[in-house]
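See below for the structure under consideration.
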Amino acid sequence: MGVLTAMEWDKYYNAGEPQIITVPTIRLGDIVRNVKKRLGIEKVKVIGDLSGPCQRIVISPGSGGGRLQIGMLRRYNPDLLICGELNEWETSEYVRDARYQGQKVSLMVLGHSVSEEPGMQALVPWLETRLPGVKVVHVPSGDPFILV
């Protein structure tokens with residue numbers, strides 16, 4: 001929910017299927033720019049056509065693993081999967097193969113820590129209500145990598 005709120009996509013949240021949102025059609029390149037700006041991420045990895053339209057988006061912060069990510073791709077048939085991290089021999093190859101077959105699915109990889117940061121920030125007020133009298137602060141972990 002933290003990622004959805006940071007992206008201002010929380011209005012598209014569906015409690016019955018929280019993994020997928022449907023947004024007004026937007027180009028992949030615009031989503032990339034917005035994600036980087038709103039989540040404070042310098043670089044992301046992308047597979048897909050940056051001018052291609054996206055509407056159905058699966059969001060999987062952190063590290064769900066290939067089995068979960070590919071399962072969501074198969075179940076929801078999204079235009080875009082946004083994930084924290086992946087095993088490059090699984091999900092990214094599945095997306096590349098799907099694109100070679102003519103499917104319009106795209107992939108955006110944010111990085112594990114930075115994809116979970118909005119969720120950790122969102123926990124502060126939640127914890128404060130459950131731990132009255134205890135000071136709760138968010139200490140950003142940031143991206144552990146430098147880009148060279």
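Which whole DSSP H helices in the chain pass both tests: a Cα extent of 30 Å or more along the axis and a mean Kyte-Doolittle value no lower than 0.5? Please report the intermediate quantities before stating the final value.
On the way: long enough: none.
Going by DSSP H runs, there are no hits.
With a bin width of 10 angstrom, please list the P(r) values of the chain as percents of all Cα-Cα pairs, from the 0 bin to the one holding the largest distance. In order of increasing distance, the bins hold 11, 41, 34, 11, 3, 0 percent. Summing Cβ point charges (Lys, Arg +1; Asp, Glu -1) relative to the Cα centre of the chain gives a dipole of roughly 240 debye.
Do you know the relative contact order of the range 2-130, to the nearest whole percent, from alpha carbon pairs under 8 angstrom that are 6+ apart? Before the final figure, lay out each step's value.
On the way: 215 pairs, mean separation 35.4, N = 129.
That works out to 27 percent.
Values in this text are rule-based calculations from the coordinates and carry no lab data. Just so we're clear, the structure is a prediction, and the values are computed from it rather than from any experiment. As a convention, Cβ positions derive from the backbone with ideal geometry for all residues, glycine included, and neighbour counts pool all protein chains shown.
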